[in-house]
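In what follows, a single structure is set out as structure tokens and then discussed.
What follows draws every value from the coordinates through simple rules; no lab data is involved. Treat the numbers as computed from the prediction; the structure is a model and nothing was measured. Methodologically, a virtual Cβ is constructed for each residue, glycine included, from the backbone with ideal geometry; neighbour enumeration extends over all protein chains shown.
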Amino acid sequence: MDAAGWDERYRGSELVWKAGPNRFVEEGLAGLSPSGRAVDLAAGEGRNAVWPAEHGWEVDAVDFSAVALRKAERLAAERGVRLRTVHADLTVWTPPNTPYDLALITYLHLPWPEMAQVLSKAAGCVRSGGTLLLVGHDAANPEQGHGGPQDARVLYGAELWRPHADILRAETVGRAVTDTEGGSRTALDALVRAVRK
Ligand SMILES: C[S@@+](CC[C@H](N)C(=O)[O-])C[C@H]1O[C@@H](n2cnc3c(N)ncnc32)[C@H](O)[C@@H]1O
């Protein structure tokens, strides 16, 4: 979907995603010392950017939907924190010169080679020793999980970060989805946590 399509999806006053952070982001960042600069790539309405900001990180939130970023700013203001929002298409985004300590990507699913470009930029914009955290719909999700993109060509694994980072964790994890018509279901997510070499 292009930026106009995402703007349309985000246009209502309600949040499309929840206000609270994704549980794997919360768990993944809980053990890190919150003293640095973080970037949330494809931040959407900011649920995963606001949470680290509340925990002491200085956070940049990048997305190509201006409507989503306005909602992210509103969410941050409601929580009494600041986000620096950056309106940019990640496929052509140039990271700042000062490297980040942490890069997050959650549920961004682009076709190749755009996704490869973004993952490579994410690795490149983090300092040596910094953290990379990727959460997305797992390749097994269409068959065995729930929701998310059904096209296996936009799903991915940890291998793209291997040349740049030491992979600490790369696995398929279950996430309970309770608000479905058929009751509670389990979505399968890909979770990758890595340290930049
Ligand atoms: C499924 S949403 C996930 C939002 C957020 N990461 C979260 O988990 O709540 C995907 C997001 O990716 C953004 N996006 C998709 N393609 C993009 C691109 N090329 N550049 C920047 N943002 C993009 C969309 O605007 C949307 O906000």
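Please say if the chain is rounded, prolate or oblate, where rounded means a/c under 1.5 for a ≥ b ≥ c the square roots of the C-alpha gyration tensor eigenvalues, and otherwise the choice is prolate for a/b larger than b/c and oblate otherwise?
Numbers: a/c = 1.32, a/b = 1.07, b/c = 1.24.
Rounded.
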Just report the Cα centroid separation between the range 173-197 and the range 1-49, whole Å. 15 Å
Given a Förster distance of 25 angstrom, what is the FRET efficiency for Met1 paired with Ser33, based on the Cβ-Cβ distance and rounded to 0.05? 0.10
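Gain in length, Gln150 to Trp112, computed as 0.36 nm per residue apart minus the alpha-carbon separation, to one decimal in nm?
My answer for the length gained is 12.2 nm.
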Between Ala176 and Leu15, what length comes free when the chain is fully extended (0.36 nm per residue of separation minus the Cα-Cα distance, one decimal in nm)? 56.0 nm
Taking 8 Å as the Cα distance limit and 6 or more residues as the minimum spacing, I'd like the relative contact order of the range 1-97 as a percentage. 26 percent
Let's see if you can work this out: charge +1 on each Lys and Arg Cβ, -1 on each Asp and Glu Cβ, no other charges. What is the dipole magnitude of the range 3-196 about its Cα centre, in debye to the nearest 20? 380 debye
How large is the charge dipole for the range 18-100, taken about the Cα centre, if only the Cβ atoms of Lys, Arg (+1) and Asp, Glu (-1) carry charge, to the nearest 20 debye? 180 debye
Give the lysines reachable from Lys18 as a straight Cα distance under 29 Å; neighbours fewer than 8 places away on the same chain don't count. Lys71, Lys121
Local net charge near Glu114, Cβ-Cβ under 11 Å (Lys/Arg +1, Asp/Glu -1): 0
Quick one: net charge around Val173, please, counting Lys, Arg +1 and Asp, Glu -1 for every other residue with C-beta under 14 Å from its C-beta. -1
What does the net charge come to around Thr91 if you take all other residues with beta carbon closer than 13 Å to its beta carbon, with K and R at +1 and D and E at -1? -3
Please give the FRET efficiency for Asn97 paired with Ser184, using the beta carbon to beta carbon distance and R0 = 45 Å, rounded to the nearest 0.05. 0.45
So for Met115, Met1, fewest C-beta neighbours within 10 Å to most, what's the order? Met1, Met115
Okay, helix-only estimate at 222 nm for the chain: each DSSP H run of n ≥ 4 adds -39500 (n - 2.57), divide by all residues, round to 500 deg cm²/dmol; what do you get? -7500 deg cm²/dmol
